[in-house]
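Working notes, beginning with the structure itself.
The values are calculated or read from the model by the stated rules, or taken from the named source; none is laboratory data. Everything numeric in this text was worked out from a predicted model, so none of it was measured. Because the Cβ atoms are built from the backbone with ideal geometry, glycine has one as well, and the counts that use them run over all protein chains shown. These area figures cover heavy atoms from the full protein model, side chains too; ligands, DNA and RNA do not enter into them. Shrake-Rupley method; radii C 1.70, N 1.55, O 1.52, S 1.80 Å.
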Amino acid sequence: MNYVDRARKIMPGGVSSPVRALKAVGGDPLMIAKAKGAYLYDISNTKILDMCMSFGPLILGHAHDEVVAAIIKATQSGTSFGTSSPVEVELAEKIVEKHPSVDWIRFVNSGTEAVMSAIRLARGITERPLIIKFEGCYHGHTDAMLVKAGSGLATFGLSSSKGVLNDVSKNTIVLPLGNEQVVTEVFEKFENQIAAVIIEGVPANNGLLVQSKQYMKFLRDITKKNNSLLILDEVITGFRLGNGGAAEYYNIDPDIVTLGKVIGGGLPVGAYGGKIQYMSEIAPLGSIYQAGTLSGNPLAMTAGLTTLNIIDRDNIYQQLEKLGAEFEKSIIEKYQQHNQPFTIRRIGSIIWMIHQNHVTPITPTEISAEAVSTYSNIHQKLLTKQVYLPPSAFEVAFLSTAHTPEIIGETLDKISSVL
């Protein structure tokens with residue numbers, strides 16, 4: 001019996017996270033034994049080009065030599081202390097130095113945990129119950145946010161999850177993206193009841209739904225006007241778009257920022273940070289409680305700090321922008337040559353491929369069922385050519401510094417042959 005069958009006998013769907021099952025693209029779970037650079041290697045040692053990069057954290061590619069060496073060295077001093085550590089302080093200092101909206105920071109173990117904690121903080125500060133989120137945005141699987149959420153739920157045709165109590169979800173207001181009027185109406189209807197508005201830095205879990213700078217500034221202004229907080233979920237965009245993430249890109253100053261992925265260098269991590277006046281309300285200084293046994297563990301802190309130091313040293317954002325622009329230009333040409341419907345959305349090294357023409361979606365409802373079906377077909381065929389695209393039409397691809405122009409060229413040739 002192979003590993004996939006063995007996994008299905010003892011794990012739901014044979015996976016630890018739903019999208020890995022590849023059901024959305026008609027496939028079976030990949031069983032990967034190792035990875036290096038831009039490539040995965042399955043248990044048969046087949047070399048597979050990875051355009052997913054563990055869904056975003058691996059901005060330097062798989063098993064970067066310096067990051068791996070730093071982790072190995074850190075393990076020799078212990079894997080978890082249950083105390084603070086110097087490397088935790090150093091990573092906190094680095095994030096505060098680089099991200100313009102983070103004055104104080106608290107480390108946790110995942111993006112979901114960061115969002116959960118940020119929401120609790122916002123409710124505790126404002127003493128208000130309601131949170132506004134947006135359809136098409138995903139903020140992890142905490143109950144309060146698992147309402148009309150991102151790619152996993154969109155993929156499986158669900159608007160929410162069983163097990164989420166009405167008493168929890170009733171305090172989350174889900175609004176369409178990009179509509180200023182409806183946000184204004186909700187603030188008027190629920191005057192002095194809205195604790196916070198939360199939005200992804202760039203919605204990237206249900207397609208890449210880039211919002212306008214005007215709209216993001218509007219959210220900043222209306223939350224200030226109503227004494228509510230703005231939570232910018234930068235789990236994906238933080239240190240992926242640049243040191244200042246989406247806050248810098250949009251030139252806005254959120255009250256609370258959530259981080260993850262890149263700041264852990266490939267190890268489990270999350271963080272939330274923001275203004276000192278708000279972060280000082282967290283225990284032990286304040287009465288808003290949050291804790292975690294492995295929060296700030298030295299391995300994740302070491303991987304994250306090493307990654308951010310390399311990003312600084314090598315000035316990688318310019319490199320990734322150039323690579324992304326070249327990929328965008330070339331793949332458009334390939335689809336045009338084969339007269340196939342195609343639109344690409346890109347921001348930095350985050351890429352979304354849409355198999356319909358001339359669409360610039362800001363909401364997930366703008367993507368046709370036919371485009372989803374076409375993506376699934378192409379995904380299956382490319383996997384036989386050892387190219388692994390994100391396993392859903394609603395997931396985005398990520399480039400890393402390991403994706404050289406030569407590797408991208410080979411990938412484009414394989415895409416062309418499939419088309």
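A few comments on the model shown:
- Residue list for the stretch 261-295, filter: in contact with an Asp or Glu (Cβ under 8 Å, 6 or more places away or on another chain) and buried (at least 24 other Cβ atoms within 10 Å of the Cβ): Gly270, Gly273, Gly274
- So Lys133, is it open to solvent by less than 50 Å² (accessible area, probe 1.4 Å), basic (Lys, Arg) and modelled with pLDDT under 95: yes
- Identity of the residue in the stretch 194-236, among the polar types (S, T, N, Q) and part of a loop (DSSP other than H, G, I, E, B), that ends up nearest to Ala122 (Cα to Cα): Ser228
- When the stretch 74-110 is limited to residues that are under 17 Å from Gly304 (Cα atoms) and free of Cβ contacts under 8 Å to residues at least 24 places away in the same chain, the one that is surrounded by the most Cβ atoms within 10 Å (Cβ to Cβ) turns out to be Ala92.
- You will find that of Ile263, Ile331, Ile311, the residue that is in a helix (DSSP H, G or I) and within 17 Å of Val115 (Cβ to Cβ) is Ile263 and no other.
- Residue among Ala303, Ala325 that is at negative phi, buried (at least 17 other Cβ atoms within 10 Å of the Cβ) and not in a loop (DSSP other than H, G, I, E, B): Ala303
- Any hit, the stretch 379-401, residues being in contact with a helix residue (DSSP H, G or I) (Cβ under 7 Å, 6 or more places away or on another chain), among the polar types (S, T, N, Q), open to solvent by 30 Å² or more (accessible area, probe 1.4 Å) and within 29 Å of Leu177 (Cβ to Cβ): no
- Single residue of the stretch 265-319 satisfying the filter (touching a helix residue (DSSP H, G or I) at 6+ places or on another chain (Cβ under 8 Å) and polar (S, T, N, Q)) that is nearest to Glu97 (Cα to Cα): Asn309
- Asn339, sole failed condition from (1) in contact (Cβ under 8 Å) with a residue 60 or more places away in the chain; (2) on the phi > 0 side of the Ramachandran plot; (3) not hydroxyl-bearing (Ser, Thr, Tyr): (1)
- Total residues in the stretch 231-256, condition aromatic (Phe, Trp, Tyr) and open to solvent by less than 20 Å² (accessible area, probe 1.4 Å): 2
- Inside the stretch 402-419, residues that are of a type outside the set (A, V, I, L, M, F, W, C), open to solvent by less than 30 Å² (accessible area, probe 1.4 Å) and not in a helix (DSSP H, G or I) make up a count of 1.
- The stretch 349-374, subset out of contact with any Leu (no Cβ under 8 Å at 6 or more places or on another chain), part of a helix (DSSP H, G or I) and not acidic (Asp, Glu), residue nearest to Glu200 (Cα to Cα): Thr365
- Residues within the stretch 175-212 that are of a type in the set (D, E, K, R) and in contact with a Cys (Cβ under 9 Å, 6 or more places away or on another chain), tallied: 1
- The set of residues in the stretch 173-206 being of a type in the set (D, E, K, R) and either under 27 Å from the mean Cα position of the chain (by Cα) or surrounded by 24 or more Cβ atoms within 10 Å (Cβ to Cβ) (or both) consists of Glu180, Glu200.
- Scan of the stretch 82-120 for residues that are out of contact with any Ser or Thr (no Cβ under 7 Å at 6 or more places or on another chain) and within 20 Å of Thr172 (Cβ to Cβ), ordered by number: Ser110, Glu113, Ser117, Ile119, Arg120
- Within the stretch 334-343, being surrounded by fewer than 17 Cβ atoms within 10 Å (Cβ to Cβ) and either under 24 Å from the mean Cα position of the chain (by Cα) or in a helix (DSSP H, G or I) (or both) holds for Gln336, Gln337.
- Selection within the stretch 111-121 - under 30 Å from Pro361 (Cα atoms) and either surrounded by fewer than 22 Cβ atoms within 10 Å (Cβ to Cβ) or of a type outside the set (Asp, Glu) (or both): Gly111, Thr112, Ala114, Val115, Met116, Ala118, Ile119
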